[in-house]
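Each reported figure results from applying straightforward, stated rules to the coordinates on display, with no laboratory input. All of these numbers come straight from a predicted model, not from anything done at the bench. Don't worry about glycine lacking a Cβ; one is built from the backbone with ideal geometry, like all the others, and counts go over all protein chains shown.
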Amino acid sequence: MNDAGAGGAVKRRSEAVGRAVWISGPVVRADLTASVFMGEQMEVGANRLIGEIIGVSGAQALIQVYEETEGMQPGEPVFGTGLAMYIELGPGLIGGVFDGVQRPLNLLRRKGPFVEKGAKADPLDPARRWRFVPKATPLAKIRGGEVLGVVPETPVVEHRVLAPPDWSGDLVAIAPEGDYAVRDRIATIRIDGREFPVSMVQRWPVKQARPYQEHLRPIVPLITGQRVFDLFFPLAKGGSAAIPGGFGTGKTVTQHQLSKWAEADVIVYVGCGERGNEMAEVLMDFPKLSDPRTGRPLMEKTVLIGNTSNMPVAAREASIYTGITMAEYYRDMGYHVALMADSTSRWAEALREVSARLEEMPAEEGFPAYLATRLAQFYERAGRVRTLSGREGSVTIIGAVSPAGGDFSEPVTQHTKRFTRCFWALDKDLAGARYFPAINYLESYSGYLDDVSEWWRDRYDPKWRDIREQAMQLLQEDDRLQRIVRLVGEDALPDEQRLIIEGSRLLQEGCLQQNANDPVDTYCRPEKQLGLLKAILHFVSRAKEIVKRGAPIHRIRETPARESIVRAKDKIPNDHPELLDELVAAIDREMDALYAEFQKVG
Amino acid sequence: MRSESGKIYRGLAGVSGALVFLQGGGGVAYGEMVEIVGDDGRTRAGRVLIASRETLAIEVYQGTEGISPTGARIRCLGRPLETPVAVEMLGRTFDSFGRALDGGPDPLADDWRNVNGAAINPAVRAYPRDFLQTGISAIDGLNTLVRGQKLPIFSGSGLPHIQLAAQIVRQAQAPGETEGFAVIFAIIGASRDVADIFRRSVEESGALQRVAMFVNFADDPAVERLVTPRTALSLAEYLAFDCGMHVLVVMTDITQYCEALREVASAKGEVPSRKGYPGYLYSDLAALFERAGRIQNKAGSITQVPILTMPNDDITHPIPDLTGYITEGQIVLERDLDRAGIYPPINVLPSLSRLMSDGIGEGRTRSDHAHLSSQLYSAYAYARRIRMLAAIVGEEELAGRDRKYLDFGRRFEREFIGQAIDENRTIEQTLDLGWLMLRELPAADLTRVSAEEIARHLK
Ligand SMILES: Nc1ncnc2c1ncn2[C@@H]1O[C@H](COP(=O)(O)OP(=O)(O)OP(=O)(O)O)[C@@H](O)[C@H]1O
Ligand SMILES: [Mg+2]
């Protein structure tokens, strides 16, 4: 049985287990007087800074410290906790802002605007009372991960209080409906003749994936409301995606967009070594913006983890694990969770920095040899699963990658590519031309196309896949032609080829480009997405007939319908898809007229 | 300076590069400041890099020449590196440690602050969105700076970034507020000439009373450069968040700072990352740049304009690259514009202010600002493309419309981007000038501005 699963049942061992003898930045070496284990959470020095054992040999331990160690002296005591590096899970996470080691930044603000070292506060407010409604039958068998009761955590997230995953036994008692603090006993479980109290808090070791019954195929797309993803490079619920891109190409804006509009029940946003002002922006926007599905403020389904670039680098490493553990926890309640990590490169750099302090042998570009393993372990925690309680839940991971010099051949991008199935490549040139989202559609790919085709086919259009292929082909042909254009100019091409260029341009302007700041187009429903794409392809195919009849290309370009198509994304609201039919009708009217005109001429 | 007492050690285990090693300093803390007196009797400041019961390592700020293992004396100060902060420091010039460099007395400290500061809790930051006017059209019009932002200037050697920085310092103004606006200059690794240019330019403007300068000369030890911006930012934090002032911090040259960091790292025998810079260059720069910002329920703000020279004009070099990953946009100077005699030679195409969209518009700058800047940007981008084409096929071959864009491009560079070094344009003037430029273009092409805006502004 896992100790950490015990909801507050395990005593914190806080006796000194040794003394610091060597301190260098985030790494402390200690002489031990009692035993500790690899990965154990520690409290280091007189200020009791949070740390973790990263090496033990004989009577010495290496400790990575998650806070600033300035001012610590050799001889200060170190304390063990007897638990692997853990976080606390329970009601109150949603709407919260935490640092990399789960300190509640919202509560720490009472101690002033700066995060002082050693500052402490309970991650889950111990005084707050929650309405608990029991759901399990007393005196029956209960298995780990089953629902004991529910708590309305926010108006949109019903918190399902689960039996600790590895606790199976008899439910001896369960609390009646009422208001309880997170640490109050709400149930008693008997395992092998011993009775254990259960509260609403679980401690879970962050580096250990939470268990589930069964892995399910990721066949449901995670609709993001962003056309270039949903239509061209779809992500599946339970899938993983990488967003690599140089600075200013749109990684953060994309992740904010996904957090705002993706069809996830819960969002975990990890700001890992990035800007404080970006966290401030989220905190300003999310309480005001409403979720398109529920109409409720986005903050009611969001957990924020903010370990900005100037906060201790070791805690940056921890922030990723803290985030994914919270995501798994809500998955286990039967929710679809999307986790954003901005940026995984800063996390990798934190690994590198600590590794360098330990004087480990570096592999590529100074990164430790275990970089690939760590990345794999992280992305492997994504998945669509049948939970221990038999529900369906998922964790989708979207990781930003910040390659040095914007060059994708560097190790973090390359390894990430191996472990993620969506690759959304952001392009410096496109961003420089203010083409957003700056997704390079030739370099990007999705490994979920086959998986999600059925969903699109059944719900929206049996020809979904064909339509997409047709559009991709147009883009690819255009790319081939552009190489010729660069040498001879566009005017030198025959009109059929110029129409391809024109069609691709329309596809880019009218569909692929999507301005995050536009009040209408910031989010686009699937039916509108597909409608727009079909209208564009329809326009191109009608134009083809007419060009064949000898119409000059500028006549196509100057049709009012073309203009209407480009404006449709901003002008046609999501709840009026019928306006798209009118658009198609207008295309047909104008094309019919042109057709007639050139039939006479021809 | 501050009086203190502390443990004293005699003799060292070794000296190597900027480091000295001390045996058996068990009671010394990590990051603690020490004073090292060499055989020459000179006192130097140092900081503990590795605290240990056995051998501890100390980084020495003013050079290790003249220190011998047997003759050295070390006094531990029992505190981290601190700097005095005081309102009266405005109008004065200091070295990297806050000691007077202008012949006057050392400042009377209101308080002493740890130069490393502490991270602002992200949950108490206020999102920056108040316009800061620089009087420079290329910035105010197209890459607007807001209070609390960090917006660097990417320059190249020989380009007039010094002049531009000085002009920003002279002209910077938070509209509606003339009081309580302070400027802090951190000059890192500059020659005495360059430092002098700054000083004179500030003096001439009569703005001296609101400017504090921290100067680290090119011939000062490299380790000291790592302290200069931190001292400057500590004063900035005090003025902004304790005294409620709006503070603009200009730091130049970040490239010199990074070179120093590389030099110190390699002296410590650290494993280098790209181009020999340490793997923590990103985190180290972030520790400086993230000290910009605003705090909820506090009046003041810190806005940063760091300046760096791109080695070989290469924007993918680690210094501009990592800076761009931390800052909220960049202002890019271009050699071609400079050669063409345009001052300031700002190429607005690769430049970007990421906080602009929330900082402009009705009630902040003017309601037409967003559309106008988008129109100018796209027209200028097209003009540059046509210019390239014209270089191949010849100007005569261009269509009439394209020729109009060529003219627009030239005029835009000369009259909108270009301005005199003492020309301070209000935001109104900048925007009106932008509209004037648009008159060059075919009316049908003005698709990014609305019909009403055209009627109102395109006279
Ligand atoms: N979809 C979009 N719609 C409109 N503007 C966008 C979009 N994506 C990016 N931008 C623009 O690009 C700028 C930079 O984007 P963003 O901050 O996301 O870059 P980034 O890749 O996260 O950079 P960094 O690595 O430096 O954090 C934004 O401030 C915005 O102006
Ligand atoms: Mg970003």
J(HN,Hα) series, segment A:554-565, from Karplus relation 6.51 cos²θ - 1.76 cosθ + 1.60, nearest Hz, glycine and proline x: 5, 5, 5, 5, 8, 5, x, 4, 4, 4, 5, 4
Inter-label distance for residue A:496 and residue A:571, nm, one decimal - labels placed 7 Å from Cα along Cα-to-Cβ: 3.3
Sequence-distant lysines (8 or more away, or on other chains) whose Cα lies within less than 18 Å of residue A:288: A:260, A:301
Test item: A:98-105 mean partner chain Cβ contacts at 10 Å: 1
Most to least packed among A:51-61, A:525-535 [average Cβ atoms within 10 Å]: A:525-535, A:51-61
Cα-based equivalent ellipsoid of chain B: semi-axis lengths in Å, sorted from largest, via gyration tensor: 47, 23, 18
Per-selection Kirkwood Rh - segment A:464-601 (Cα, Å, 1 d.p.): 15.6
Residues with amide H under 5 Å from that of residue B:32, placed H, sequence gap 5 or more: A:71, B:48
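Using the Cβ atoms and a cut-off under 14 Å, what net charge is assigned to the surroundings of residue B:96, where Lys and Arg are +1 and Asp and Glu are -1? Don't skip to the end; give the middle numbers.
Numbers: positive: B:44, B:47, B:99, B:225, B:230; negative: B:59, B:82, B:95, B:106, B:219, B:220, B:224.
Every neighbour counted, the sum reads -2.
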Rounded to 10°, Cα long-axis angle of helix B:192-205 versus longest principal axis of chain B: 60
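For segment B:369-457, state the semi-axes of the equivalent ellipsoid (square roots of 5 times the eigenvalues of the alpha-carbon gyration tensor), sorted largest first and rounded to whole angstrom.
Ellipsoid semi-axes (Å, largest first): 24, 17, 9.
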Angle in degrees between helix A:276-285 and the longest Cα principal axis of chain A, rounded to the nearest 10: 70
Local net charge near residue A:98, Cβ-Cβ under 12 Å (Lys/Arg +1, Asp/Glu -1): -2
Taking only Cα atoms of segment A:3-111, radius of gyration then Dmax in Å: 14.5, 44
Residue exposure sequence - A:279, A:326 - by fewest surrounding Cβ within 10 Å: A:279, A:326
Pairwise FRET efficiency - residue A:599 versus residue A:409, Cβ, R0 = 60 Å, nearest 0.05: 0.65
Reciprocal of mean inverse Cα separation for the protein assembly as shown (Kirkwood radius, Å): 31.3
Segment A:249-254 - phi-based ³J(HN,Hα) in whole Hz, Karplus 6.51/-1.76/1.60, Gly and Pro as x: 8, x, 5, 5, 4, 4
Within segment A:240-279: backbone nitrogen closer than 16 Å to the residue A:435 label point (7 Å, Cα to C-beta): A:246, A:249-250
Relative contact order (percent, whole number), chain A, Cα cutoff 8 Å, 6+ residue spacing: 13
Label-to-label distance, nm, for residues given as residue B:314 and residue A:116 (7 Å Cα→Cβ offset): 4.6
All lysines inside 16 Å of residue A:569 as judged from Cα atoms, apart from same-chain residues fewer than 8 positions distant: A:528, A:534
Estimated inter-spin distance, residue B:298 and residue B:163, nm [label 7 Å along Cα→Cβ]: 3.7
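With a Förster radius of 60 Å, plug the Cβ-Cβ distance of residue B:108 and residue A:418 into 1/(1 + (r/R0)^6) and report the FRET value to the nearest 0.05.
0.50
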Hydrodynamic radius (Kirkwood) for segment B:8-80, which is based on Cα pairs only, to one decimal in Å: 11.5
Likely footprinting exposure, B:290, B:203, fewest C-beta neighbours within 10 Å first: B:203, B:290
Protection proxy ranking, peptides A:260-271, A:564-575, B:295-306, average beta carbon neighbours within 10 Å, highest first: A:260-271, B:295-306, A:564-575
Nearest 10 degrees, 0 to 90: helix B:254-267 Cα axis against chain B principal axis: 30
Set of lysines with alpha-carbon distance to residue A:600 below 16 Å, sequence-local pairs under 8 removed: A:548
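From the P(r) of segment A:192-334, could you give the percentage of C-alpha pairs in the tail past 25 Å? Could the numbers behind the result be given before it?
On the way: 3730 of 10153 pairs.
Across segment A:192-334, Cα pairs with separations above 25 Å total 37 percent.
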For residue B:351, residues with placed amide H under 5 Å, excluding near neighbours: B:332
Extension gain from residue A:466 to residue A:486, taking 0.36 nm per residue of separation minus the Cα-Cα distance: 4.2 nm
Calculated FRET value between residue B:374 and residue B:397, using beta carbons and R₀ = 35 Å, to 0.05: 0.75
Rounded Å value of the spacing that divides the Cα centres of segment B:37-68 and segment B:180-214: 32
